[in-house]
Ligand SMILES: [Zn+2]
Ligand SMILES: [Zn+2]
């Protein structure tokens, strides 16, 4: 554990303005720091959590500061996937349940709304798409 702490600390750089402690090691494609610990590739925030609390997080480790590379334990908190949506890029399903209009601005109301598998479909767009497909089939 002390070995890990030492190795982890070597990667850290403190930002004076924000109190964020930035992980300078390798990052994954989502921008989160990666470090090997106990023979496994771990997320830097999880390692920071472990070193602070002596236990691995049971949920997601999220940032109060919204800085993905930050591993300051004071900026980290445990949360659920839905909290995580605030922290990371909004995912489609979340957006799906909140939207009141389709991508092209038709309202999801009355006969224009087609509920399907918890998602919402726009009848106008669907019809247009079908017409387009029909048209493409005719010209090809
Ligand atoms: Zn921070
Ligand atoms: Zn539409």
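At least 3 residues that are within 16 Å of ligand 2 (Cβ to nearest atom) and at pLDDT below 95 in each: list the strands (runs of 3 or more DSSP E) lying fully within region 1-43 that qualify. Reasoning before the result, please.
Working: elements: 12-14, 21-23, 34-37, 40-43.
Once the strands (runs of 3 or more DSSP E) in region 1-43 are filtered for at least 3 residues that are within 16 Å of ligand 2 (Cβ to nearest atom) and at pLDDT below 95, nothing remains.
Taking the residues in region 60-76 that are in contact (Cβ under 8 Å) with a residue 40 or more places away in the chain and in a helix (DSSP H, G or I) as candidates, determine which candidate is nearest to ligand 2 (Cβ to nearest atom).
Residue satisfying both the conditions and the ranking: 75.
The values are calculated or read from the model by the stated rules, or taken from the named source; none is laboratory data. Computed from a prediction, not measured in an experiment: that's the story for all the values here. Virtual Cβ from ideal backbone geometry, glycine too; neighbours counted across all protein chains shown.
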